[in-house]
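All remarks here apply to the structure that follows.
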Amino acid sequence: MATEPSKYRLAILAGACAAVLAWPAPPQPAHPLEGLDSDEIGLMGNAGHVPDSTKPKLTAYFERESYRPGDAAHLVVTDDANAVSLQVFRAGEESEPTLPHDVMLGGPVTKAVPIGGVEGRRVVPVRMGAWPSGVYFVRLTASGSRVGYAPFVLAPRKLGEHRVAVVMPTQTWQAYNFRDDNSDGHADTWYAGWKTHTARLIRPFLDRGVPPHWSHYDAPFVRWLVQTHRDVDFLSDAELRTVKSGSELAHAYDLIVFSGHHEYVTSHEYDVVTQYRDLGGNLAFLAANDFFWKITIANHVMTRVAEWRDLGRPEAALIGVEYRANDRGGHRAPWILTPASATTAWLFAGTGLSNGDAMGSGGVEIDATTEASPKSVRVLAQIPNLYGPGFTAEMTYYETPVGAKVFAAGAFSLADSVWEQAVNTLMTNLWRHLSTP
């Protein structure tokens, strides 16, 4: 979750720590908890004890966020177990939605391979096959019904194998990973406490290895892409950190989609995506609270630096909207189309929707336009007063003089709602329009 900007900070604490209600409050004096969002406050002092899956598990992770076909990957198993087997799956090939928070579903791309026993730590080589770019995971099993998952992104051999890229928020995944790696009683992330500013990038996840919020924020859209046969290049944050320039991205892609919660980005990521837009590249943001925090990375450790808007680079100038508030999912409501929706008739074609009609369900965190938003931005739909008067989520679209087209959902999450008929049709329209140069 984001940290509220100062003029929207709202803190109502019941007892030691309670959830923040997103409702206007008078200015408060400086306080050690000021600047923390509801998740941070709610977890203060308890971050080392965030509930983990209670199911029998195996702990493992890959040494990189992403690989390419043919790479020799290293799977690190850090556990004690007998009769361990591993099998590689492609996420999205499953026929049913993912419901549990500690399960990853997919279709197998290898056979199950026994690797014997593990004591403490073992590095297992895993060769990347000539598989389609996508989100993959190794599923490990052992005696005693033990299961563990180790996810990774399989990037294309080279950027631009397909004209659309979908970026998975691998940095944000680890920011929300409340695993206590050094066993000091505190999670190894800045969400463990207001004095903590770092989070490890390469490590196992809790919940048997499943990325945080995978079942809601990521799995539905990945399954939609695979099941509707949309060939795309899947990228991790690592690809955006290492691509040379926005020009290289513009040469490779007509559309880049940020489908999940892409809250934490480096300067280089912000720069190349902005350059890509400025060169006419199209962007789609399907959730909310994207490009909110600047981070740096050294030796696989992320450091949270500052909000981009406080550094003179408000995210609304790129996305069209920026983070406004959250209530940890306490309230959800449908998007209501505005009169401006008629100016993008192509987006709502076939949905049967028009001004005043409702669609989908959004909440958790919301975005809204600001003075920094491009002058051409149009608010196509709203979730009015979701957290109280003035706390309205805004779905937006704008175009630039050089032809870039930028869409933002403004709330969590169109990716989560993509299997609903109206949202499915909207997403199909959006895909067709934005993937056209």
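Which fully enclosed strands (runs of 3 or more DSSP E) of the range 300-400 have 2 or more residues being touching an Asp or Glu at 6+ places or on another chain (Cβ under 8 Å) and closer than 19 Å to Val423 by Cβ? Give the steps one after another, and end with the answer.
On the way: elements: 301-307, 322-326, 332-337, 358-368, 378-383, 393-399.
By residue number, 332-337, 358-368, 378-383, 393-399.
Would a scan of the range 253-264 turn up a residue that is modelled with pLDDT of 95 or more, open to solvent by 20 Å² or more (accessible area, probe 1.4 Å), out of contact with any Lys or Arg (no Cβ under 7 Å at 6 or more places or on another chain) and of a type outside the set (Gly, Ala, Ser)? No. Entry remark, the range 272-292: residues being among the hydroxyl-bearing types (Ser, Thr, Tyr) and either open to solvent by 10 Å² or more (accessible area, probe 1.4 Å) or within 19 Å of the chain's Cα centre (by Cα) (or both) number 1 in total. For the range 284-312, the tally of residues that are closer than 19 Å to Gly362 by Cβ and among the charged types (D, E, K, R) stands at 1.
Every residue, every condition in (1) surrounded by fewer than 17 Cβ atoms within 10 Å (Cβ to Cβ); (2) within 27 Å of Pro437 (Cα to Cα), yes or no:
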| site | (1), (2) |
| --- | --- |
| Gly329 | yes, no |
| Val364 | no, no |
| Gly390 | yes, no |
| Thr396 | no, yes |
| Pro401 | yes, yes |
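Residues of the range 194-213 that are of a type in the set (A, V, I, L, M) and closer than 9 Å to Asp102 by Cα: Leu206, Val210. The set of residues in the range 204-214 being open to solvent by 10 Å² or more (accessible area, probe 1.4 Å) and either of a type in the set (D, E, K, R) or under 12 Å from the mean Cα position of the chain (by Cα) (or both) consists of Asp207, Arg208, Pro212, His213. Got at least one residue in the range 100-111 being within 28 Å of Thr228 (Cβ to Cβ), open to solvent by 30 Å² or more (accessible area, probe 1.4 Å) and in contact with a His (Cβ under 9 Å, 6 or more places away or on another chain)? Yes, because at least one residue in the range 100-111 is within 28 Å of Thr228 (Cβ to Cβ), open to solvent by 30 Å² or more (accessible area, probe 1.4 Å) and in contact with a His (Cβ under 9 Å, 6 or more places away or on another chain).
The values are calculated or read from the model by the stated rules, or taken from the named source; none is laboratory data. Computed from a prediction, not measured in an experiment: that's the story for all the values here. Cβ sites come from the backbone with ideal geometry, for glycine too, and all protein chains shown count toward neighbours. These accessible areas exclude ligands, DNA and RNA; they are computed on the full protein's heavy atoms, side chains included. Shrake-Rupley method; radii C 1.70, N 1.55, O 1.52, S 1.80 Å.
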